[in-house]
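Read the structure below first, then the notes.
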Amino acid sequence: MRLALSNKIILYLLLTLSAVILFLPILFAFFMSFMGSQDALLGKILPSHWTLENYEEAFRRLPLLRFLFNSVLISLMIMIGQLIFSSLAAYAFVFLKFKGRETLFFLFVATMMIPFEASIIPNFQTIKALNLIDTYPGLALPFLATAFGTFLLRQTFKQIPIELREASEIAGKGHFKFYLTVVLPIAKSSLVTLGIYSFLSAWNMYLWPLLSTTNDQVRTVQIGLKELQSQEQVNQWGVVMAGAMVVAIPTLILLFIGQKKLQKGLAEGALK
Amino acid sequence: MKQVEMIDISKSYDKQTNVLNDINLSINKGEFFVLVGPSGCGKSTLLRMVAGLEEITSGLLTINGEPANHLPPKERKLSMVFQNYALYPHLTVEQNILFGLDVKKVNKEERKRRLKETAEMIGLTDLLKRKPKELSGGQRQRVALARSVVSRAPLCLMDEPLSNLDAKLRAQMRIEIRRLQRQLGLTMIYVTHDQVEAMTMGDRIMVLNEGKVQQVGKPITLYNEPANTFVASFIGSPKMNLGQAELLAEGKQLIVEDKLQFQLSAQDRIHLPPHQKTTIGIRAEHLYPAANHEATHHLEVAGVEHLGNETLIVFEGIGDQLWSAKWSGQWMVSPGDVVPVSISVENFCFFDAENGRLIKPAYKGQSQEVVAQ
Ligand SMILES: Nc1ncnc2c1ncn2[C@@H]1O[C@H](COP(=O)(O)OP(=O)(O)O)[C@@H](O)[C@H]1O
Ligand SMILES: [Mg+2]
């Protein structure tokens, strides 16, 4: 894209401004997490002196590391599960021929219109009946299959020429080998996209972990954050913000690493 | 020995209309067999049925003498080259060529040996580490060829493999494919919509139209004795000139498109079919230029194409037909001119006026060509 210099300056000014506005709350939180409690109560923006007290306090009050570990584990489980199941489902929708394939896919995608909250009670009953309350599998199970992921990967797989499948068939490679050695490598960037997306959504889950866990052993970091907030009458905002920072760090790291791929993958899925 | 045989093969995609009708065909070992026809006539469908990628609706397919209707593709001992080459974009040229050999349990040494040999034969040695997107069209084509060669399958199927290349490269690849096929003794089934490709490459050609076999035969037979008017106008460039003909004056005179009159000699009358009405066909090279006094007819020029070594002239005013003539050398005529030509009945092919089937090929042209061979 070629722009005149003046246009460019205006564009960049606007972009910077909106970036600052969007980033402001996080910036406040960041500064606040390094403040003493007086500063926070006085509503200062920059700490008068920098301190790590809040972080120490946050880690002392709660098993934050345990929570972090739980979150990482569950998010990974959900991510891997989603990648496996939605890529297999998408493969079937693209490369297997069966009656009612399109109708089935339509129904499949239609489930995206049902919000998770609407199915949370039956899910809870199922997990409870399976005796999976307070377990990692119980936390991950309802999220292993995803219509969105299947949809995204189906779009990608559809761009693989059918002749590739036919050529492998003639070479004597079955569906599973073709899936592993051709489809997955070709769809790599979409898989990374879906992986990051599902990891982040799992990381940010709140309602389900709250319902399906009763003790700190399996709780995720988001619930921990909430506990930090409501344990006392007077909120120690500095401590809460320190907790929030700790929670946000893995997300940020992941975004920085995966930004390019994420954009590419989402754009690929959007084309055609 | 027959490599592939089809008996009464039909194909229908929607269970109502047939895309292919009662195909009967046998292809010999080591033969270069070309399937040609206009696009949409069912060539790819037929090829894909041989490959096992498409179900056969009815009829029997045998490969190496054994029924193969329900054999999975990998057990048919064949390789296939696709129109878009079907190269795996994430694999290097080397990996692309060797793709599939691991399934066939070919050991490492043997794989290496075959790769080296094939790459040398096809001229890919320097490109082995590249990815398909770093190759030109012609190079991709070669990789697809190499993949098919390396499998050592005795039967090779190709579906319009050259249609994405430019004219010059196409001519070169035609020769190369033909050379490879001879060298390796492959049985080839080659699909194309280009009659030049069919004529120049095929040992035998099958012309297909609207799902029906029009004719099977050697290129030269198809050219000289087209089985019907479709083959006559499909094979050869320019197409054969066709016209409605009628016998008059008790069989002593033939009149074409109510315009061109021919007095029939005694010899003509021996060779001519007795039918009152026929469709006649004459090749462009048999409309000879003539001096005014030896001309049999005068025709009006509608268009001229100068090819340098020869001149292509299109005549109008023969009924509503346009006839073309191919004269060697450079002829300075222009549209609107009336040109003397010499046309002789001995070069006429006669087709049934109703169904277009060949009644009699040209008696002169044929005997000449046979001698020339
Ligand atoms: N998968 C399919 N489903 C339905 N009809 C098809 C399919 N493939 C081809 N056809 C139809 O069959 C006919 C022959 O197609 P094809 O064999 O591809 O022709 P060609 O290769 O000679 O151009 C065409 O009319 C085409 O529309
Ligand atoms: Mg085709």
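Just check segment B:300-346 against the gyration tensor rule for me: Cα atoms, a ≥ b ≥ c as the square roots of the eigenvalues, rounded for a/c under 1.5, and otherwise prolate or oblate depending on whether a/b exceeds b/c.
Values: a/c = 1.88, a/b = 1.29, b/c = 1.46.
Oblate, since a/c reaches 1.5 and b/c is not below a/b.
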Worksheet item: For A:LEU255 and B:SER163, FRET efficiency with R0 = 60 Å and r from the beta-carbon atoms, rounded to 0.05?
Response: 0.85
Item to complete: Sequence neighbours fewer than 8 away in the same chain don't count; with that in mind, list the aspartates and glutamates whose C-alpha is under 19 Å from B:LYS277.
Response: B:GLU246, B:GLU250, B:GLU257, B:ASP258, B:ASP268, B:ASP320, B:GLU346, B:ASP352, B:GLU354
Discussion item. Just want the ordering: B:LYS133, B:LYS104, from fewest to most Cβ atoms lying within 10 Å of their own Cβ.
Written reply: B:LYS133, B:LYS104
Worksheet item: For segment A:33-180, what are the per-bin percents of Cα-Cα distances with bins 5 Å wide, up to the bin holding the maximum?
Response: 2, 8, 11, 12, 12, 11, 9, 9, 9, 6, 4, 4, 3, 1, 0
Discussion item. Give me the inter-chain shielding for A:130-136: mean count of other chain Cβ atoms within 10 Å, whole number please.
Written reply: 0
Worksheet item: Among B:LYS74/B:LYS116; A:LYS173/B:LYS116; A:LYS177/B:LYS133; A:LYS99/A:LYS260; B:LYS15/B:LYS218, which pairs are too far apart, with a Cα-Cα distance over 31 Å?
Response: A:LYS99/A:LYS260; B:LYS15/B:LYS218
Worksheet, complete the sentence: Amide H proximity to B:LEU358 below 5 Å, modelled H, separation 5+ or other chain, gives B:ASN228, B:ASP352
Item to complete: Note down the nm distance, to one decimal, between modelled labels 7 Å out along Cα→Cβ at B:GLU66 and at A:VAL109.
Response: 4.4
Item to complete: Towards the positive end of the charge dipole of segment A:63-231, with charges on Cβ (+1 Lys, Arg; -1 Asp, Glu), say which of A:SER87, A:ALA147, A:ILE170 has the farthest Cα.
Response: A:ILE170
Practice prompt. Based on the mean of other Cβ atoms within 10 Å per residue, sort peptides B:274-280, A:109-115, A:240-246 so the most packed one is first.
Written response: A:240-246, B:274-280, A:109-115
Response to the item:
Sorted by chain and then number, the residues having a modelled amide H within less than 5 Å of the amide H of B:GLN253, at least 5 places away or on another chain, are B:LEU248, B:LEU264
Worksheet item: Per the helix-only calculation at 222 nm, which mean residue ellipticity applies to the protein assembly as shown, given -39500 (n - 2.57) for every DSSP H run of n ≥ 4 and division by its residues, nearest 500 deg cm²/dmol?
Response: -14000 deg cm²/dmol
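Average partner chain C-beta neighbours within 10 Å, per residue of B:38-51? Could you put the intermediate results ahead of the total?
On the way: counts 0, 0, 0, 0, 0, 0, 0, 0, 0, 0, 1, 0, 0, 3.
Mean partner shielding for this stretch: 0.
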Worksheet item: Could you give the angle, 0 to 90 degrees to the nearest 10, between helix B:108-122's Cα long axis and the longest principal axis of the Cα atoms of chain B?
Response: 30
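Pull out the extension gain between A:LEU144 and A:ARG60, defined as 0.36 nm times the separation in residues minus the alpha carbon to alpha carbon distance; nm, one decimal. Each step should come with its number before you reach the end.
Details: separation 84, 0.36 × 84 = 30.24 nm, distance 3.37 nm.
Residue separation times 0.36 nm, minus the Cα-Cα distance, leaves 26.9 nm.
Applying a 10 Å radius around every beta-carbon, put B:248-259, B:199-210 in order of their mean neighbour count, most first.
Highest-to-lowest ranking by the protection proxy: B:199-210, B:248-259.
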Worksheet item: How high is the relative contact order of segment A:32-176, in percent, with contacts defined as C-alpha pairs under 8 Å that are six or more residues apart?
Response: 27
Worksheet item: Given H placed 1.01 Å from N in the peptide plane, which residues other than close sequence neighbours of B:ALA245 have an amide H under 5 Å from its amide H?
Response: B:GLU257, B:THR278, B:THR279, B:ILE280
Item to complete: In whole Hz, with x marking every Gly and Pro, tabulate ³J(HN,Hα) for segment A:65-72 from phi via Karplus 6.51 cos²θ - 1.76 cosθ + 1.60, θ = phi - 60°.
Response: 5, 4, 4, 4, 4, 4, 4, 4
Practice prompt. May I ask you to compute the full-extension gain from A:ALA118 to A:ASP216, defined as 0.36 nm times their residue separation minus their alpha-carbon distance, rounded to one decimal in nm?
Written response: 32.6 nm
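Using a 10 Å cut-off on Cβ atoms, rank the peptides B:166-177, B:149-160, A:73-84, A:39-50 from the highest mean neighbour count down. Before the final figure, lay out the partial values.
Details: B:166-177: 14.7, B:149-160: 21.6, A:73-84: 19.7, A:39-50: 12.7.
Going by the mean number of other Cβ atoms within 10 Å, highest first, we get B:149-160, A:73-84, B:166-177, A:39-50.
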Practice prompt. Quick one: what are the phi-derived ³J(HN,Hα) couplings along segment A:124-132, Karplus 6.51/-1.76/1.60 with θ = phi - 60°, whole Hz, x for glycine and proline?
Written response: 4, 5, 4, 4, 5, 4, 7, 6, 10
Worksheet item: Semi-axes of segment B:218-373's equivalent ellipsoid from the Cα gyration tensor, sqrt of 5 times each eigenvalue, largest first, rounded to whole Å?
Response: 24, 19, 15
Worksheet item: For segment B:265-270, in order, what is each residue's ³J(HN,Hα) by Karplus, 6.51 cos²θ - 1.76 cosθ + 1.60 with θ = phi - 60°, in whole Hz (x at glycine and Pro)?
Response: 7, 4, 5, 3, 5, 5
Worksheet, complete the sentence: Counting other chain Cβ atoms within 10 Å of each Cβ in A:159-167 and taking the mean gives 6
Discussion item. Give the average over all directions of the projected area of the C-alpha convex hull of segment A:7-52, one decimal, in nm².
Written reply: 3.8
Fill in: Kirkwood Rh (inverse of mean 1/r, distinct Cα pairs), chain B, angstrom
23.2
Item to complete: Sorted from largest down, give the three principal axis spans of the alpha carbons of chain A, whole angstrom values.
Response: 73, 65, 31
Fill in: Under 14 Å from the Cα of B:LYS326 - aspartates and glutamates, other chains or at least 8 residues apart
B:GLU285, B:GLU305, B:GLU310
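Just so you know, all these numbers are worked out from the coordinates, no wet-lab data involved. The structure displayed is predicted, hence computed values, not measured ones. Heads up, the Cβs are rebuilt from the backbone with ideal geometry, glycines too, and the neighbour counts pull from every protein chain shown.
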